[in-house]
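Peer 1: Structure in structure tokens, see below.
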Amino acid sequence: NTLIALSQAMPKTELHLHIEGTFEPEQMFEIARRNQVTLKYHTIDDLKSAYQFTNLQDFLDLYYQGMSVLLHEIDFYDLTMAYLSKVHSENVVHVEIFFDPQGHLSRGVAFDVQIKGIYRALQDAKQQWGMTSKLIMSFLRHLTEESAFETLALATPYLDWLDGVGLDSSELGHPPEKFLRVFQACQALGLYVTAHAGEEGPPEYVWQAIHAIGVDRIDHGNRALEDDELVADIKHRGLTLTVCPLSNLKLCVVDDMKNHPIQKMLALGLNATVNSDDPAYFGGYMNDNYAALIRQTQINKAQLYLLAKNGILGSWMTDSEKATHL
Ligand code: HPA
Ligand code: ZN
């Protein structure tokens, strides 16, 4: 299939990727063994057979369990390096990745242990392959505003290594406004801001992310399509949506890949991009996400180029950095 070959060969960016969601079962068992941690699942096949989700929370329960074997800086380095080398082989040239510090702090793993391991891998990828990156600290929205502020305080010695902040975890019942003051503090520090919105949550949460928080990007955004005024507003602002096709399928945000709204988003003039979210859990990395769209929908060559171009324009690279990829 020539479109698949084209999508593999295109230089791509990844703007929506949780590093803890790249934890492949094989590596999880290896790190569990060396850290003498016991996993609830006894074999790789046992674990993989649990990867059947009916909603976001189903997945999150497993995601937090999986990351619990990460204890030392080298674990975070190895996890990040495995991801970067995988997507380097897929012609991903720039990544903007999330990590979830609170998912590790709650287990007694210090902030500096986490960020030092992740950041060193990002630097090595730059050195080895010229791959560029941004690092985004994401707040867990099921936790309190106070906990988010505590996390931000721990991050302040590392502001040079951080480019932005995000908002993830259980969306329903945890609107963006819950973290308004935290995000204001982050913006005052010069950080970019993005938030998961409209994955399971209503269009109202996307409105809040834009108008109350003032996000620079929207992660997912699927349910924004239910509100025509909101669509017009997103288009008018030129906001980028970091869309995740295989994630949407696995978490039942879409019922069938055939019905994925990404082409509709493009047709409406929205800056949609393709991303893998939690590739180890959702059945594939960047190229698999493109392949699924190509195989299951009528997406054409011009749309594939546009998606990749949107990924470059929607990144937090400088204009001159973007220009080197266009
Ligand atoms: N949504 C919300 N929280 C998450 C996700 C997601 O897709 N992946 C990891 N944390
Ligand atoms: Zn996500």
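The values are calculated or read from the model by the stated rules, or taken from the named source; none is laboratory data. The model shown is predicted, which means the values in this text are computed figures rather than measured ones. Cβ placement follows ideal geometry from the backbone for every residue including glycine, while neighbour counts extend to all protein chains displayed.
Peer 1: Counting just the residues of the stretch 84-120 that are crowded, with 18+ Cβ neighbours inside 10 Å and small (G, A, S), which one comes out nearest to S276 (Cα to Cα)?
Peer 2: G103
Peer 1: Among the residues of the stretch 294-326, what is the count of those that are in contact with a strand residue (DSSP E or B) (Cβ under 7 Å, 6 or more places away or on another chain), within 16 Å of A9 (Cα to Cα) and in a helix (DSSP H, G or I)?
Peer 2: 4
Peer 1: Moving on. If R223 satisfies all but one of (1) more than 17 Å from the chain's Cα centre (by Cα); (2) more than 16 Å from ligand 2 (Cβ to nearest atom), what's the number of the condition it fails?
Peer 2: The number of the failed condition is (2).
Peer 1: Filter the stretch 309-326 down to the residues that are in contact with a helix residue (DSSP H, G or I) (Cβ under 8 Å, 6 or more places away or on another chain) and of a type in the set (A, V, I, L, M), then identify the one that is modelled with the lowest pLDDT.
Peer 2: L326
Peer 1: Among the residues of the stretch 91-114, count how many are away from ligand 1 (no atom under 16 Å from the Cβ), part of a loop (DSSP other than H, G, I, E, B) and farther than 20 Å from M286 by Cα.
Peer 2: Here the count works out to 4.
Peer 1: Does T80 meet the test of being modelled with pLDDT of 95 or more, in a loop (DSSP other than H, G, I, E, B) and more than 16 Å from ligand 2 (Cβ to nearest atom)? Give the steps one after another, and end with the answer.
Peer 2: Details: modelled with pLDDT of 95 or more: yes; in a loop (DSSP other than H, G, I, E, B): no; more than 16 Å from ligand 2 (Cβ to nearest atom): yes.
No: the conditions fail for T80.
Peer 1: Residues that are among the polar types (S, T, N, Q) and touching a helix residue (DSSP H, G or I) at 6+ places or on another chain (Cβ under 8 Å): find the strands (runs of 3 or more DSSP E) completely inside the stretch 115-220 holding 1 or more of those.
Peer 2: Numbers: elements: 132-140, 164-168, 192-197, 217-220.
Output list reads 132-140.
Peer 1: What helices (runs of 4 or more DSSP H) lie completely within the stretch 20-70 and have 1 or more residues being within 16 Å of ligand 2 (Cβ to nearest atom)?
Peer 2: Once the helices (runs of 4 or more DSSP H) in the stretch 20-70 are filtered for at least 1 residues that are within 16 Å of ligand 2 (Cβ to nearest atom), what remains is 56-67.
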